[in-house]
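S.K.: What follows is a single structure, and I will ask about it in a moment.
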Amino acid sequence: MTSPGVLDLVQAALREHFGQPPVRASVTFLGVEPIEVLRFEPIPGEWAYLSLGMSRQPMTAASDTVVSAQGPRAELMLHVRADDRFADAWRTLAVLAAAPAVEGVVYLPDMTVDTGQPLAAGSRCTGAVIAASAIAGIETPEGAVRIHQALPATSTELAWSRVHGTPQLRERWTQHGTDLLDLARGAVPLD
């Protein structure tokens, strides 16, 4: 049984980290408790979208027959350039945050996720590389809640990383000075 305080503790820690109250949105999926998305503005011109609700329950793989109370708990962050063209990116983040409850996804650093559609209308990025974020783990009575960052990636980059590995893709991004906050960017050169 999950303590109702987990989400309160996560939200309080995020407000403290960003030093401001968030703008909120909420989505309800059939058979899943609501997922909220909090939007902070860490600096002018940037938005940090964070899920709130994924950490209610520990993540359990679809192949596991028993849900472990000790399983990992996490929330997702999508950090992007503030651009009204991509203001609906929060909806995709909510879908990704519902995936552990709906599909038995367990998010871990260096895994890739491809949604098969733009992260936001007009975005060239269709998925993400999951990475550890700069936000420290949040201690709760149910265990630590990690904040994983979803680094936007194009379908080409995701396909390339499945062959060559996520660390190599991240190295390419670094070599080319890729702006991972820009949802309008094209794929990094992969030759």
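The values are calculated or read from the model by the stated rules, or taken from the named source; none is laboratory data. These numbers were taken from a predicted model, which means no experiment stands behind them. A quick note on method: Cβ atoms are made from the backbone with ideal geometry, for glycine too, and the neighbour counts reach across all protein chains shown. Side chains are part of the model used for accessible areas, which takes the heavy atoms of the whole protein and leaves out ligands, DNA and RNA. Shrake-Rupley method; radii C 1.70, N 1.55, O 1.52, S 1.80 Å.
S.K.: Build a GNM of the chain with springs between Cα atoms under 10 Å: which of Pro42, Pro100, Pro72 gets the top mean-square fluctuation?
M.R.: Answer for the Gaussian network model of the chain: Pro42.
S.K.: Additional query: Using the Cα centre as the reference, give the magnitude of the dipole from point charges on the C-beta atoms of the chain (Lys, Arg: +1; Asp, Glu: -1; all else neutral), rounded to the nearest 20 debye.
M.R.: 120 debye
S.K.: Next up: At a Förster radius of 25 Å, what calculated FRET efficiency corresponds to the Cβ-Cβ distance of Ala159 and Asp179, to the nearest 0.05?
M.R.: The computed FRET efficiency comes out at 0.75.
S.K.: Considering only protein heavy atoms, with the full assembly of protein chains and a 1.4 angstrom probe, order Arg124, Arg39 by accessible area, largest first.
M.R.: These residues rank, largest area first, as Arg124, Arg39.
S.K.: Same structure, new question: Which one of Leu181, Leu93, Leu151 has the biggest mean-square fluctuation once the chain is modelled by GNM with Cα springs under 10 Å?
M.R.: Maximum among the listed residues: Leu181.
S.K.: Net charge near Val80, counting Lys/Arg +1 and Asp/Glu -1 over other residues with Cβ under 14 Å of its Cβ?
M.R.: -1
S.K.: I would also like to ask the following. Leaving out ligands, DNA and RNA, what percent of the accessible area of the chain is carbon and sulfur, probe 1.4 Å?
M.R.: The nonpolar share, carbon plus sulfur, comes to 53 percent.
S.K.: Also, quick follow-up: Divide by every residue of the chain the summed helix terms, -39500 (n - 2.57) for each DSSP H run of at least 4, and state the resulting mean residue ellipticity at 222 nm, rounded to the nearest 500 deg cm²/dmol.
M.R.: So the helix-based figure for the chain works out to -8000 deg cm²/dmol.
S.K.: If you don't mind, there's one more thing I want to ask. In a shell of Cβ-Cβ distance under 9 Å around Arg146, excluding Arg146 itself, what net charge do Lys and Arg (+1) and Asp and Glu (-1) give?
M.R.: Neighbour charge sum, excluding Arg146 itself: 0.
S.K.: In terms of the Cα gyration tensor, with a ≥ b ≥ c the square roots of its eigenvalues, is the range 45-141 rounded because a/c is under 1.5, prolate because a/b exceeds b/c, or oblate?
M.R.: Prolate, since a/c reaches 1.5 and a/b exceeds b/c.
S.K.: Shape of the range 85-175 from its Cα gyration tensor (a ≥ b ≥ c, root eigenvalues): rounded if a/c is under 1.5, otherwise prolate when a/b > b/c, or oblate?
M.R.: Oblate shape, in that a/c is at least 1.5 and b/c is the bigger or equal ratio.
S.K.: Ala184: net charge of surrounding residues, Cβ under 9 Å, Lys/Arg +1, Asp/Glu -1, itself excluded?
M.R.: +2
S.K.: Using a probe radius of 1.4 Å on heavy atoms only, what accessible surface per residue do you get for the range 137-184? Whole Å² is fine.
M.R.: The answer is 47 Å² per residue.
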